[in-house]
Amino acid sequence: MAASNIEAVRTALQSLSEVLGPYIEQVASRFVPDGEDWTILLAAKDAEKGIQGKEYSRTDPQDQFRIITEPIGALGYIFNDHLSRGEQGFVGELRSVRNDVAHFKSFSPDDAVRALDTIERVMRAIGAVREADAVRTSRLDLLRGSFEQQTRKAVRSAALPGTPDSELPSWREVLQPHPDVASGRYNNAEFAADLYSVAVQQNAAKEYQDPVEFFRRTYLTDGLKELLRRATDRISGSESANPVINLQTTFGGGKTHSMLALWHLFSGRSLHEFPQSVQDLLSGAPAVALGKSVRKAALVGNEIPPSTPSHKPDGTVVHTLWGELAWQLGGTEGYAIVADADKTGTNPGNLMRELFTKFGPAVVLIDEWVAYARQLPDVPDPKRPVPGGLFETQFTFAQSLTLAAENVPGTLLLVSVPASEGRQVTNGDDAGEREPAQASDLEVGGQRGRDALHRLDYVIRRVAYQWSPATRDESYEIVRRRLFVEPDAKAIQTIATAARRFTEYYRHNQKEFPTGVGDSEYESRIKAAYPIHPELLDRLYSDWSTLEKFQRTRGVLRLMSHVVHQLYEREDPSPLIMTGSIPLDAQPVRSEIVQYLDNAWDAIIQSEIDGDNSVARTVDEERPALGDRSLALRTARAIFAEATPTLEAALKGKDR
């Protein structure tokens, strides 16, 4: 029998408590006398408030959550250097979750999924990778069960107001969603490109695991085309090609997907086996490396716990990043080259050149390096040894690694270093003169993470080619390629007609619409984004992506997969999917959106915007002139989609 929602959350909380104990002890040890327990800090804090006789325990989740989220007297927030504000916020959220579990409060599927997601995030933040994977499995099981329950319910005929056009067909008749989207047989994890699952575990969904299928569903942006060309040149032996490339993108900006593209390009398949777009791109390139043996290594920092050695199937025990890199490239023989440096946690230096020379050509991908480095100590601690080495050693290793890649032809190193939303990322070898990297607080994790980011950024950008992600209009095509099948000739003509009709309408009523939407350029944008209106994608990419947990293309795909599925099931007659089309009454859509907002928004949406008896629906019912096209409901949905992500900004709402 499947566990209940509350049991799933209770089990995950217990697992979190078990890994939080040693982590808290490690961080708090410098604030307490030898032989004392960190709970004396809580006792002293409570004593100042006159609270006496209270019992404390290192294993009580509530005490663990308190020490992380509360200021401790003059010491302040003692975890600020180790966890970002966002990560501490996750722990704060779990305080109420723990109380709900303790008082046997019922957990809805949405509540349970959110709690498990938060627990998983905290586990990954402290380096408890295996435990986080187990919680992730539990969360996905819950999601699948919830979805099956939802799909058994009949779709209400009045759930989505139709806005048919007498001359334009419904988007459903023009462009079909991919079968998994149309049927709803997907989970959100399928939209999360996961280098570790593909390269190490080799258990990702087919669209990510299979090289041909991956490229079939991947739109080759100008940036990705350039990346594939440069990589092919380098692996083919060109000494003038860039040996080190920094995939510096914003949170959710496409770096992992780009790494997967290179991983699959050098999968051993010949060029003719790839889709035509890849063949056309590389047909004139020195693609001698394709179809031949290329050694590959993928290091994903948030999947490698520095405090736990990794036991390989051949009996090798790996301690450090350089040990992992050597083992992935050359197995036991490769590991033997750096074995002493791995066991002692010291920089392997020029041994990396020997490794690349012996096991080349080679592609090395390093993702989430900051997440790994920030967990390393400054000095050795005999009581709590960390096999991964010291914080400072990571940066001397980074220097050795980049120098080795430069000096051994046929070696390509790709590193992802987070970039801030507001930072200009430009393609070019002279991009090293830019400002030091700044990144999302949630992505790097506290001051310790920022220190690691700045040190890595300094080392990498001195020698790396700086690569930039897709442009705005290319992002439209990325979304369309993933959610919908390719249009045939007839569909392309219909799409062009729809785009022309919309822009002509905007042009003839220009006083009612923003400047520029009647121009030919906007017509091209409608064609690129079809069947999703560019305004909806603009709001998601420009406004919603400013929210800390919204991961740009990944977040857009997750949300729009739910939206498209719901509209397809409801036989939406509209010619385009617009902001007023978002079916907020559908639980999967609402849950996906509310996770980026305060919990109170769920009730607001249902009572004011799109519930059975919401204000907007009531207005439409009372005024037939509005209700025929559900104008109040569509307007309320549009205002929510456009204005909500700006509520924390200096300029709130929308001026149109």
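Surface composition of the chain: carbon and sulfur make up 49 percent of the accessible area, probe 1.4 Å.
Residues of the range 389-404 falling in the label zone of Asn350, defined by backbone nitrogen less than 18 Å from a point 7 Å along Cα to beta-carbon, are 396-404.
Secondary-structure-derived ellipticity at 222 nm for the chain, considering helices only, amounts to -15500 deg cm²/dmol, per-run term -39500 (n - 2.57) for DSSP H runs with n ≥ 4. With a Förster radius of 22 Å applied to the beta-carbon distance between Ala134 and Lys312, the computed FRET efficiency rounds to 0.55. On full extension, the segment bounded by Gln14 and Ser96 gains 28.0 nm, given 0.36 nm per residue less the C-alpha separation. In this structure the amide hydrogen of Ala298, modeled in the peptide plane, comes within under 5 Å of the amide hydrogens of Leu365, none closer than 5 places in sequence on its chain. Ranked by solvent-accessible area (1.4 Å probe, protein heavy atoms only, all chains present), the residues Asp110, Asp367 order from largest to smallest as Asp110, Asp367.
With K and R counted +1 and D and E -1, the other residues having a Cβ less than 10 Å from that of Arg58 yield a net charge of -4. If you take mean projected area of the Cα convex hull in nm² from the coordinates, which of (1) 28.6; (2) 32.3; (3) 30.0 do you get? Read-out from the structure maps to (2).
A straight chain from Phe31 to Glu486 at 0.36 nm per residue would run longer than the Cα-Cα distance by 157.8 nm. With an a/c value of 1.5 or above and a/b larger than b/c for the gyration tensor axes a ≥ b ≥ c computed over the alpha-carbon atoms, the range 445-573 is described as prolate. For the pair Ala496 and Ile639, a Förster radius of 35 Å applied to the C-beta separation gives a FRET efficiency near 0.70, rounded to the nearest 0.05. Computed from backbone phi, the HN-Hα couplings of the range 578-587 come to 10, 4, x, 8, 4, x, 5, 6, 7, 4 Hz, rounded to whole numbers (Karplus: 6.51 cos²θ - 1.76 cosθ + 1.60, θ = phi - 60°; Gly and Pro given as x). Loop only by DSSP, 15 or fewer other Cβ within 10 Å of the Cβ. Give me the trypsin sites (Lys or Arg not before Pro) in the range 1-92 that pass, ordered by residue number. Counting only loop positions with at most 15 other Cβ atoms within 10 Å, the trypsin sites (Lys or Arg not before Pro) in the range 1-92 are Lys49, Lys54.
The stretch between Arg269 and Asn407, if pulled fully straight at 0.36 nm per residue, gains 47.0 nm over its current Cα-Cα span. Annotation note: GluC sites (Glu not before Pro) in the range 1-75 located in DSSP loop regions with a Cβ neighbour count of at most 15 within 10 Å are Glu36, Glu55.
Taking the Cα centre of the chain as origin and assigning +1 to Lys and Arg Cβ atoms and -1 to Asp and Glu Cβ atoms, the resulting dipole is close to 660 debye. Among residues other than Tyr335 with Cβ under 15 Å from its Cβ, the summed charge is -2 (Lys and Arg +1, Asp and Glu -1). Rolling a 1.4 Å probe over the heavy atoms of the protein chains gives the chain an accessible area of 44 Å² per residue. Loop-located GluC sites (Glu not before Pro) across the range 537-607 with a Cβ neighbour count of 12 or fewer within 10 Å are Glu571, with loop assigned by DSSP.
In this simple spin-label approximation, Arg217 and Ile51 carry label points 7 Å from Cα along the Cα→Cβ vector, and these lie 4.9 nm apart. If R0 equals 60 Å, the separation of the Cβ atoms of Tyr458 and His508 corresponds to a calculated FRET efficiency of about 0.60. Extending 7 Å from the Cα toward the beta-carbon at both Ser277 and Thr332 defines two label points whose distance is 4.4 nm.
In this structure Asp488 has an accessible area near 100 Å², from a 1.4 Å probe over the protein heavy atoms. Pairwise Cα distances in the range 1-134 exceed 27 Å in 21 percent of cases. Only beta bridges with both residues in the chain are counted; by DSSP, about 20 percent of them are antiparallel. Computed from phi, the 3J(HN,Hα) profile of the range 114-127 under the Karplus parametrisation 6.51, -1.76, 1.60 (θ = phi - 60°) reads 5, 5, 5, 4, 5, 4, 4, 4, 5, 4, 5, 5, 9, x Hz, with x in place of Gly and Pro.
The values are calculated or read from the model by the stated rules, or taken from the named source; none is laboratory data. In this text, all values refer to a predicted model and were calculated from it rather than measured experimentally. Cβ coordinates were reconstructed from backbone atoms using ideal geometry, including for glycine residues, and neighbour counts include every protein chain displayed. The protein model used for the area step is the full one, side chains on, heavy atoms only, and it has no ligands, DNA or RNA in it. Shrake-Rupley method; radii C 1.70, N 1.55, O 1.52, S 1.80 Å.
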